[in-house]
Amino acid sequence: MTPGAKNLITDVAGLKVGNASDTALKSGVTVLSADTPFVASVHVMGGAPGTRETDLLAPDKSVAAVDALVLSGGSAYGLDACSGVVDGLRARGRGFRVGEAVIPLVPGAILFDLLNGGQKDWAENPYRALGRAAFEALDEDFELGTAGAGTGALSAMVKGGLGSASLVLDNGVTVGALVAANPVGALTTPGDRHFWAAPFEIGDEFGGLGPDPKGGLGRDMDSRKMRAMRGQAGERANTTIAIVATDATLTKAECQRMAVAAHDGIARAIVPAHTPTDGDLVFSLATGARKVDAEDPRALSLIGHAAALCLARAIARAAYLARPEPGDLLPCWSDRAAK
């Protein structure tokens, strides 16, 4: 397995991603779409998810494909970003057809970034407009770090952000991940220099410093985020939301298994993960551009494994590429690692 040409989820041919960010708000939206609908599913392992239209993605539900997926900041307000994407799709005549009606299908998930120091005193919910702007920005190339749904993201010790990574398997199948990392847990080991995901790094895609040489890790539960938000229910200001994708031909049930497997990437890159106050969620999708051997029992397992590897790397890249902004509550990894 080697990274795709861009080391982005858009190495899966046909996919595009758009970001919209508001630096004063310290929040934003990320949209993934394609020229044609795609098979998708979802798996939730966090205790506090916020979602829209995810019931459609269960294998037993009748909807065969969706038009876009949305990751947003803003907690419950951010769910309205999906409405902006629906508006954009409808304007292009995209959606599920029922007689003369056209209904764009846009599942979405949100993270909590309402206590991160941004200006939240809006008179009108800004997320519908951000969703539409992210949709209009769809492209194969997009910004990582402090961008889109990761604009205001914070981990326990350093800023989180938006990350992505990809792998091309030996059989030619491409797998990619896209994530907005805003967890309860830490992305780095104590001292902030080494990433938990370091054993899975390829080259120097997030600094090349390697794993932490110390043992006995994982017992330190320090959190700058909690200290910065003391008295404001900071323990609830969390969630990691992600999308994993492949160009393989998968059913909805197989997509769901890919999402389940991809959660291993969250657990490898964030300590602790899947807590009661995270809403950890992974969407999964398959474009169906490449046939896989249905008789090979390892085919789906390999795709799920690659999805987990991509997601772990994407989470570390989110923090590695985060940049400082005025009014930040936490330092960036780049600031801490230089010390």
Quiz item: Which of the residues that make up region 95-119 are open to solvent by 50 Å² or more (accessible area, probe 1.4 Å) and assigned to a loop (DSSP other than H, G, I, E, B)?
Solution: GLY99, GLU100, PHE112, GLY117, GLN119
Quiz item: Quick check: anything in region 46-64 among the polar types (S, T, N, Q), outside any helix (DSSP H, G or I), crowded, with 21+ Cβ neighbours inside 10 Å and in contact (Cβ under 8 Å) with a residue 24 or more places away in the chain?
Solution: no
Self-check item: Odd one out for LYS214 among (1) on the phi < 0 side of the Ramachandran plot; (2) surrounded by fewer than 16 Cβ atoms within 10 Å (Cβ to Cβ); (3) in contact with a helix residue (DSSP H, G or I) (Cβ under 9 Å, 6 or more places away or on another chain)
Solution: (3)
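Listed here are the residues, each with its yes/no results for (1) open to solvent by 20 Å² or more (accessible area, probe 1.4 Å); (2) closer than 26 Å to LEU79 by Cβ.
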residue	(1), (2)
GLU201	yes, no
ASP220	yes, no
SER223	no, no
ARG227	yes, no
ALA242	no, yes
ALA262	no, yes
ILE270	no, yes
ALA273	yes, yes
Quiz item: Just checking, which of GLY172, GLY160, GLY145, GLY131 is over 15 Å from the mean Cα position of the chain (by Cα), within 23 Å of VAL244 (Cβ to Cβ) and modelled with pLDDT of 95 or more?
Solution: GLY131
Quiz prompt | Count of region 289-322 residues which are farther than 15 Å from ARG257 by Cβ and either surrounded by fewer than 18 Cβ atoms within 10 Å (Cβ to Cβ) or aliphatic (A, V, I, L, M) (or both) | solution = 14
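Yes or no, residue by residue, for (1) out of contact with any strand residue (DSSP E or B) (no Cβ under 6 Å at 6 or more places or on another chain); (2) of a type outside the set (A, V, I, L, M):
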| residue | (1), (2) |
| --- | --- |
| GLY163 | no, yes |
| GLY176 | no, yes |
| ASP192 | yes, yes |
| TRP196 | no, yes |
| PHE200 | yes, yes |
| GLY207 | yes, yes |
| PRO213 | yes, yes |
| ILE241 | no, no |
| THR251 | yes, yes |
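The values are calculated or read from the model by the stated rules, or taken from the named source; none is laboratory data. Small disclaimer: the values here were computed from a predicted structure and weren't measured. Note that each Cβ is placed from the backbone with ideal geometry, even for glycine, and that neighbours are counted across all protein chains shown. When the accessible area is computed, the model is the full protein with side chains, heavy atoms only, and any ligands, DNA or RNA have been set aside. Shrake-Rupley method; radii C 1.70, N 1.55, O 1.52, S 1.80 Å.
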